[in-house]
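Encoded as structure tokens, the structure appears first; notes follow it.
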Amino acid sequence: MTESPWITRWAHLAPPGGTVLDVACGSGRHTRWFAARGHAVTAVDRDATAVAALAPVAEGVVADLEDGPWPLGDRPFDTIVVTNYLWRPLLPVLVARLAPGGLLLYETFTLGQQTVGRPSNPDFLLRPGELLDAARGLHVVAYEDGFADNPPCFVQRLAAVRALSGGTHPVRFPLSPAPNSPAPSEGE
């Protein structure tokens, strides 16, 4: 499976060389992608075999996020990536673990998905605007909620940043990457 175009589109907002948490990483498509770009990646999944395969490029953590305590304590992360996964009790934990200036990239299925495929259980499908509600307090740079054609799916996507404190000028969050540009900072 290739990287999500949503994740790669907004990854330029990730602090350069910062820590990345790939939640429910599965085979590690985003873990490998961020590691190849110089990020220190922590990959979390309940599948021990999948996590072990990522050992050459990432710190692996085997944990069932739905049936156990949060496995990473109070560690902050500069970027948190979640795709095709939803466990509602985890949403506030992820927002709380986002470091100042950090980036949350989230993409998963919404209600309506049950009409075109899996997942079909409403417990694993976002309600309208649910990601926006979860990101309250973050600066939402980009958000989509709709139907995608390839593959056909109902999806919500979010790119949001935790503001740095102490800035006197608005932060500029580029809507497209600039060649060799540093991450945005307060006061730009």
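The values are calculated or read from the model by the stated rules, or taken from the named source; none is laboratory data. All values derive from a computational prediction rather than experimental measurement. Glycine also receives a Cβ, built like all others from the backbone with ideal geometry; neighbour counts cover every protein chain displayed.
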- Item | From L105, L94, L86, residue being under 12 Å from the mean Cα position of the chain (by Cα), buried (at least 19 other Cβ atoms within 10 Å of the Cβ) and in a loop (DSSP other than H, G, I, E, B) | L86
- Only one of R46, R37 that is at pLDDT 95 or above, more than 18 Å from G102 (Cβ to Cβ) and charged (D, E, K, R): R46
- Filter result (surrounded by 15 or more Cβ atoms within 10 Å (Cβ to Cβ), in contact with a Phe, Trp or Tyr (Cβ under 9 Å, 6 or more places away or on another chain) and of a type in the set (A, V, I, L, M, F, W, C)) within the range 108-144: F109, F124, L125, L126, L131, L132, A134, A135, V141, A142
- Message: I'd like the full set of residues that are in contact with a helix residue (DSSP H, G or I) (Cβ under 8 Å, 6 or more places away or on another chain) and of a type in the set (F, W, Y), limited to the range 1-51.
- Response: W33, F34
- Item | Within the range 1-76, helices (runs of 4 or more DSSP H) holding 1 or more residues that are surrounded by fewer than 16 Cβ atoms within 10 Å (Cβ to Cβ) and free of Cβ contacts under 8 Å to residues at least 24 places away in the same chain | 5-10, 48-53
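Can you find a residue that is within 21 Å of V140 (Cα to Cα) and of a type in the set (G, A, S) anywhere in the range 13-27?
Within the range 13-27, the subset within 21 Å of V140 (Cα to Cα) is 13-16, 18-23.
Next, only the ones that are of a type in the set (G, A, S) stay: 14, 18.
Yes, the conditions are met somewhere in the range 13-27.
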- Query: Out of curiosity, is T168 in a loop (DSSP other than H, G, I, E, B) and either modelled with pLDDT of 95 or more or among the β-branched types (V, I, T) (or both)?
  - Reply: yes
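Could you check how many residues of the range 110-163 are of a type outside the set (K, R) and assigned to a strand (DSSP E or B)?
Adding up the residues that qualify gives 20.
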